[in-house]
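Each remark here refers to the structure printed beneath this line.
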Amino acid sequence: MVCNSGSKILPLYPTNHIHFTGRAVYTNLPVGGAYRGYGATQSSFAIDCAMDELAEAIGMDPLEFRMRNHIHSGDTSPVFAALGEGKAGVEQRIGSCELDRCIKLGAREIGWKKRKDWRQKKGRFRRGIGMCCLMQGSSIPEIDMGAASIKMNEDGSFNLLIGATDLGTGSDTVLAQIAAETLGTVTEKMVVYSSDTDMTPFDVGAYASSTTYLSGSAVINAAQKVKKQILQVAAEMLDCKPAELVAADQKVATKDGSKSATYSEVALYSLYTANQFQIGAISSAITHKSPPPFSAHFADVEVDMETGAVKVLKYVAAVDCGTAINPKLAEGQTEGGVMNGICFALTEEYLFSPKGKMINDSFLNYRIYSMRDKPELKTILVPSYEKTGPYGAKSVSEICINGPMPAIANAIYNAAGVRMYNGPFTPEKVWRAIRARGAGGMG
């Protein structure tokens with residue numbers, strides 16, 4: 001977590017002067033474990049609140065300040081090589097990056113040009129708009145490994161066995177899409193079986209935003225081997241060379257279209273007719289870099305100056321995750337992460353007794369948002385193409401949990417003129433900050 005708090009955030013705003021010190025502190029409270037975005041969530045809050053303060057100090061629009069200072073395609077950072085997952089990292093340069101477009105599109109959607117200074121606002125209920133920029137990673141380079149196997153069946157369908165675990169992320173669907181695209185068939189012909197250590201190939205696990213980028217590459221490798229075998233069998237059937245054939249639309253055909261064989265016919269030939277063998281392959285993949293997805297988040301909030309209550313009216317997340325293999329699932333991941341992050345920002349908090357016992361250990365008093373509490377959410381997928389990813393894809397699962405704390409904190413400042421440095425931003429904390437600044441009341 002300490003390494004992630006530096007490696008996932010510090011390269012976002014390149015500078016020649018970098019110093020990173022991390023300390024792990026032992027406590028007698030319950031042991032914490034890895035959770036979506038861990039490390040990056042905490043550091044994003046600190047860094048992007050600081051960016052707002054720096055912009056104000058020099059009299060610059062915070063959006064323009066970020067546009068001038070964020071990392072771009074072709075850039076690198078010494079942080080990449082210095083900080084890995086508990087050890088030194090890997091040198092790398094940014095490939096795909098559409099953060100500029102994320103900022104511009106998100107700003108247009110939230111109405112950034114209408115944003116006013118907090119000093120111009122009066123009344124009990126005051127609106128504010130805040131933003132932040134984010135980056136994350138896609139797998140842990142030189143450490144993570146994923147594998148997949150594919151077997152062709154008599155009816156032209158395929159069994160796809162993967163070690164990657166679908167935790168509700170939709171990875172079974174995405175990996176089936178990747179396999180189908182590579183094989184020249186349809187997703188419905190992919191029979192997916194995942195995460196059974198007795199049956200499926202090895203995978204390091206559903207973590208580090210790695211499944212699409214890493215396991216997807218393993219699926220492509222296995223599918224390419226199977227496709228090669230399909231072309232070899234079809235060449236024997238059609239009395240031609242594999243190079244003269246094209247595999248697409250669930251069949252193999254000569255390039256001039258004069259001869260063809262369906263995938264079912266190819267499978268039956270390979271199993272029953274001549275030179276019989278099972279068409280199938282297993283393959284794996286490791287990663288040599290961790291291409292970051294990028295995102296710009298915007299929050300429109302209302303602050304009650306009398307009670308300190310904060311209400312999120314609208315939240316916009318513009319995301320560059322490379323090629324979105326399944327846009328609906330990418331939107332779902334983004335919105336789920338945002339809702340998770342809004343709860344971090346406004347409600348979620350462990351409370352302990354003096355003896356270290358958690359005292360809000362049920363959903364009656366550990367408060368998280370339900371769909372009834374959901375503000376207006378707008379996800380904007382901003383396409384880019386990551387050359388090292390499967391069909392240009394990067395990760396999307398973790399990055400958007402990191403945005404709500406800094407975006408909402410900056411929006412609270414724009415509304416009420418108070419900086420919030422400790423989450424969650426409960427009504428009591430915001431009320432105390434307003435009173436400490438002498439900003440309460442209707443004036």
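Which residues, counting only those in the range 1-37, are in contact with a strand residue (DSSP E or B) (Cβ under 9 Å, 6 or more places away or on another chain) and at pLDDT below 90? Answer for the range 1-37, where residues must be in contact with a strand residue (DSSP E or B) (Cβ under 9 Å, 6 or more places away or on another chain) and at pLDDT below 90: LEU29, PRO30.
Among the residues of the range 340-366, those identified as of a type outside the set (A, V, I, L, M, F, W, C) and either closer than 21 Å to PRO404 by Cβ or surrounded by 17 or more Cβ atoms within 10 Å (Cβ to Cβ) (or both) are ASN340, GLY341, THR347, GLU348, GLU349, TYR350, ASN360, TYR366.
Yes/no matrix, rows are residues, columns are (1) at pLDDT below 95; (2) small (Gly, Ala, Ser); (3) crowded, with 21+ Cβ neighbours inside 10 Å:
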residue	(1), (2), (3)
VAL219	no, no, yes
ALA222	no, yes, yes
LYS228	no, no, no
GLU265	no, no, no
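Of all positions in the range 394-411, none carries a residue that is surrounded by fewer than 17 Cβ atoms within 10 Å (Cβ to Cβ) and under 16 Å from CYS132 (Cβ atoms). Among the residues of the range 310-345, the one identified as of a type in the set (Val, Ile, Thr), under 17 Å from SER384 (Cα atoms) and in a strand (DSSP E or B) is VAL319. Of the residues making up the range 306-339, just one is surrounded by fewer than 23 Cβ atoms within 10 Å (Cβ to Cβ), touching a strand residue (DSSP E or B) at 6+ places or on another chain (Cβ under 7 Å) and closer than 18 Å to ILE434 by Cβ, namely LYS311. For the structure I just gave you, tell me whether VAL430 is more than 29 Å from the chain's Cα centre (by Cα), surrounded by 14 or more Cβ atoms within 10 Å (Cβ to Cβ), free of Cβ contacts under 8 Å to residues at least 60 places away in the same chain and closer than 24 Å to ILE110 by Cβ. In short, no. Being outside any strand (DSSP E or B) and among the β-branched types (Val, Ile, Thr) holds for only one residue in VAL219, VAL252, VAL191, VAL246, and it is VAL219.
Picking from residues in the range 389-407 that are part of a loop (DSSP other than H, G, I, E, B) and out of contact with any Phe, Trp or Tyr (no Cβ under 8 Å at 6 or more places or on another chain), the one that is nearest to LEU105 (Cα to Cα) is GLY403.
When the range 131-185 is limited to residues that are surrounded by 22 or more Cβ atoms within 10 Å (Cβ to Cβ) and closer than 30 Å to ALA411 by Cβ, the one that is farthest from the chain's Cα centre (by Cα) turns out to be MET131. For the residues TYR369, TYR385, TYR421, the requirement of being exposed (fewer than 13 other Cβ atoms within 10 Å of the Cβ) and not in a helix (DSSP H, G or I) singles out TYR421.
Of all the listed residues (ILE359, ILE380, ILE408), the sole one being under 22 Å from the mean Cα position of the chain (by Cα), under 30 Å from VAL31 (Cα atoms) and of a type in the set (A, V, I, L, M) is ILE408.
Screening the range 62-87 for residues that are surrounded by fewer than 13 Cβ atoms within 10 Å (Cβ to Cβ) and more than 23 Å from the chain's Cα centre (by Cα) and picking the one that is farthest from PRO14 (Cα to Cα) gives GLU64.
Among the residues of the range 155-170, write down those that are of a type in the set (S, T, N, Q) and modelled with pLDDT under 95. Passing the criteria: THR165, THR169. Does SER210 satisfy being assigned by TED's automatic domain parsing to the domain that holds VAL252 and buried (at least 24 other Cβ atoms within 10 Å of the Cβ)? Judged against the criteria, SER210 is a match. Exactly one residue out of LYS314, LYS328, LYS289 is touching a helix residue (DSSP H, G or I) at 6+ places or on another chain (Cβ under 9 Å), among the basic types (Lys, Arg) and either over 30 Å from PHE202 (Cα atoms) or at pLDDT 95 or above (or both), and it is LYS314. None of THR212, THR200, THR173, THR187 is over 20 Å from LEU268 (Cα atoms), modelled with pLDDT of 95 or more and touching a Cys at 6+ places or on another chain (Cβ under 9 Å) except THR212.
Might you let me know whether the range 230-238 holds any residue that is part of a helix (DSSP H, G or I), in contact with a Leu (Cβ under 8 Å, 6 or more places away or on another chain) and within 30 Å of ILE401 (Cα to Cα)? Checked against the condition, which is being part of a helix (DSSP H, G or I), in contact with a Leu (Cβ under 8 Å, 6 or more places away or on another chain) and within 30 Å of ILE401 (Cα to Cα), the range 230-238 yields no hits at all.
The values are calculated or read from the model by the stated rules, or taken from the named source; none is laboratory data. Just so we're clear, the structure is a prediction, and the values are computed from it rather than from any experiment. Neighbour counts run over all protein chains shown; Cβ positions are idealised from the backbone, glycine included.
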